[in-house]
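The values are calculated or read from the model by the stated rules, or taken from the named source; none is laboratory data. The shown structure was predicted, so the numbers you read here are calculated from the model rather than taken from an experiment. Because the Cβ atoms are built from the backbone with ideal geometry, glycine has one as well, and the counts that use them run over all protein chains shown.
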Amino acid sequence: MTRAWLFPMLFVLCGSVVAAGLVLKGSPGAAVVLLLLFVLLAGLNSPLVFPGSIGAAEAQRLSAADGRPVVFWRPGCTYCLRLRIRLGRRARQAHWVDIWRDPAGAAVVRAANEGNETVPTVVVAGRPHVNPDPAWVREQLSRSR
């Protein structure tokens, strides 16, 4: 769990240090704006932006029952964030597995990617797709209804 919050905490810490420096130089307005920017970046890189993660076994069981894709992701991954944002509200229809929280999920991703933890890896009907086009994932979500 701590690993998932590493990047967001670093963003907030760095933003605080830079903002404190700006306040000491007499620019409190710029400090507030910069700190808000760093907090926004922390939020975007946190697990809060993504739908609730479940375990890989649970996601695969649910996917077999309802046909929805399983998205393996990790916090701090810009490609995962891009996929999440481009899916919009439909993102909640997929089954999301945080590979930093679920060792079984990380093992599934490594098995699909020659030992690498390349995310996002989307599994549809038991077949993995590495960093797929968000439009394709939306199409898969539409088919699973």
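What are the residues in region 43-79 that are assigned to a loop (DSSP other than H, G, I, E, B), surrounded by 15 or more Cβ atoms within 10 Å (Cβ to Cβ), at negative phi and not aliphatic (A, V, I, L, M), if any?
Those that are assigned to a loop (DSSP other than H, G, I, E, B), surrounded by 15 or more Cβ atoms within 10 Å (Cβ to Cβ), at negative phi and not aliphatic (A, V, I, L, M): Asn45, Ser46, Phe50, Pro51, Ser53, Gly55, Arg68, Pro69, Arg74, Pro75, Cys77.
With the requirement that a residue be without any contact (Cβ under 8 Å) to a residue 40 or more places away in the chain and aliphatic (A, V, I, L, M), what does region 93-112 give you?
Once the filter is applied, which keeps residues that are without any contact (Cβ under 8 Å) to a residue 40 or more places away in the chain and aliphatic (A, V, I, L, M), region 93-112 yields Ile99, Ala106, Val109, Ala111, Ala112.
Looking only at region 91-145, which residues are aliphatic (A, V, I, L, M) and assigned to a loop (DSSP other than H, G, I, E, B)?
Once the filter is applied, which keeps residues that are aliphatic (A, V, I, L, M) and assigned to a loop (DSSP other than H, G, I, E, B), region 91-145 yields Ala94, Ile99, Val119, Ala125.
Of the numbered conditions (1) at pLDDT 90 or above; (2) out of contact with any His (no Cβ under 9 Å at 6 or more places or on another chain); (3) under 30 Å from Leu13 (Cβ atoms), Ala91 fails exactly one; give the number of that condition.
(1)
Exactly one of these conditions fails for Gly29: (1) touching an Asp or Glu at 6+ places or on another chain (Cβ under 6 Å); (2) exposed (fewer than 15 other Cβ atoms within 10 Å of the Cβ). Give me its number.
Just one mismatch for Gly29, condition (1).
Please go through region 8-51 and pick out each residue that is under 24 Å from Val108 (Cβ atoms) and at pLDDT 80 or above.
none
Scan region 113-129 for residues that are without any contact (Cβ under 8 Å) to a residue 40 or more places away in the chain, closer than 13 Å to Val71 by Cα and in contact with a strand residue (DSSP E or B) (Cβ under 7 Å, 6 or more places away or on another chain) and jot them down.
Passing the criteria: Thr118, Pro128, His129.
For region 80-93, does any single residue satisfy the condition of being outside the structural domain of Arg138 (by TED's automatic domain parsing), within 13 Å of the chain's Cα centre (by Cα) and surrounded by 13 or more Cβ atoms within 10 Å (Cβ to Cβ)?
For region 80-93, residues outside the structural domain of Arg138 (by TED's automatic domain parsing), within 13 Å of the chain's Cα centre (by Cα) and surrounded by 13 or more Cβ atoms within 10 Å (Cβ to Cβ): absent.
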